[in-house]
Amino acid sequence: MDKQLYMVSLGPGDSELVTLKALKALQQCDAICIPTKSPDKSFTKSLTHTIVTRLMEEHGFTKPLLPIYTPMHFKVEDWQYQVDRLYQGFEQYESLSFVTLGDSAVYSTVYYLLDLIQAQRPSLYANTEVIAGVTSFSQASAKVKKPLCVGDSRFEIIPLLDKAVPTTTIYMRPKIGMDTDKITHSGSLYSFENMNYQGEQITPHKIPKVTKYMTLFIDFFQKDT
Ligand SMILES: C[S@@+](CC[C@H](N)C(=O)[O-])C[C@H]1O[C@@H](n2cnc3c(N)ncnc32)[C@H](O)[C@@H]1O
């Protein structure tokens, strides 16, 4: 049987903000891979470990926990080490979850690991499911009851780095019938229509005309090659 990997977003630290889909993945998999910044692979500094153990207590299940040393040095050899630990886990288990804080779409290790897995084990990559989560800034907005954007406003996420960085742009709230030729893009643009609803369509380019209110576009930043 093919191996199954779940990349599970755990949300911003409150176990009640873990999605049902994330919880089900943790309950269904054979073992859970937990990143830790401790070289001795203890979980004393691991925030994800705290969330996972709370979930196991609250929902009455247990799973083997596999520590994955994650030093956050942004080096390929560190990501390769983490991916190798996942491959080792698959020698013993059929399905694994790898957990991450917030949402995996935002500054998460998940996509560094997935790039390596895609190149090295394409069939595992095809069997990997990424599970979305609540971001830290969604939670921050809710805590102070202030919207990130409403009406005609927009919001930006800016990494606090002293250099220019490539940008992902999300376009929302199109008018039905509008031509999309005004939407410029510099990376790879995808169109998402009726996501999770009847008639879901995800197109890896710009659709020429908007036909549904539930349409958004993402111009994903251009990756270094
Ligand atoms: C590596 S990024 C991960 C972001 C995460 N994937 C998300 O969806 O929010 C870590 C940054 O997210 C922000 N962050 C994450 N959790 C936070 C929290 N509980 N409180 C405040 N900021 C947080 C901080 O700016 C931190 O430096």
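Can you find even one residue in the range 102-109 that is assigned to a loop (DSSP other than H, G, I, E, B) and either aliphatic (A, V, I, L, M) or not assigned by TED's automatic domain parsing to the domain that holds T128 (or both)? Yes: one or more hits. For the range 195-206, a residue qualifies if it is under 24 Å from F155 (Cβ atoms) and either open to solvent by less than 90 Å² (accessible area, probe 1.4 Å) or among the acidic types (D, E) (or both), and the qualifying residues are M195, I202, K206. Here S123, S138 are screened, and the one residue that is touching a residue at least 24 places away in the same chain (Cβ under 8 Å), assigned to a helix (DSSP H, G or I) and open to solvent by 60 Å² or more (accessible area, probe 1.4 Å) is S123. Which of the residues belonging to the range 1-51 are within 16 Å of the ligand (Cβ to nearest atom) and either without any contact (Cβ under 8 Å) to a residue 60 or more places away in the chain or touching a His at 6+ places or on another chain (Cβ under 6 Å) (or both)? S15, E16, I34, T36, K37, K45, S46, L47, T48, H49, T50, I51, listed by residue number. Within the set I183, I170, I157, the sole residue that is part of a strand (DSSP E or B) and either open to solvent by less than 60 Å² (accessible area, probe 1.4 Å) or under 24 Å from Y107 (Cα atoms) (or both) turns out to be I170. Only residues that are farther than 21 Å from D115 by Cα and either among the acidic types (D, E) or in contact with a Pro (Cβ under 7 Å, 6 or more places away or on another chain) (or both) were counted in the range 179-225, giving 7. Give the range 150-159 a look and list any residue that's at pLDDT 95 or above and more than 20 Å from the chain's Cα centre (by Cα), or say none. Those that are at pLDDT 95 or above and more than 20 Å from the chain's Cα centre (by Cα): V150, S153, R154.
Restricting attention to the range 141-154, the residues that are on the phi < 0 side of the Ramachandran plot and part of a loop (DSSP other than H, G, I, E, B) total 8.
Could you please find all residues in the range 97-112 being touching a residue at least 40 places away in the same chain (Cβ under 8 Å), more than 9 Å from the ligand (Cβ to nearest atom) and not β-branched (V, I, T)? Correct list: S97, F98. Taking only the range 135-161 into account, find how many residues are farther than 30 Å from S15 by Cβ and more than 16 Å from the ligand (Cβ to nearest atom). Number of matching residues: 4.
The values are calculated or read from the model by the stated rules, or taken from the named source; none is laboratory data. Owing to the predicted nature of the structure, the values given are computational and were not obtained by experimental measurement. Counting neighbours? That spans all protein chains shown, and the Cβs are built from the backbone with ideal geometry, glycine included. Heavy atoms of the whole protein, side chains included, go into the accessibility calculation; ligands, DNA and RNA do not. Shrake-Rupley method; radii C 1.70, N 1.55, O 1.52, S 1.80 Å.
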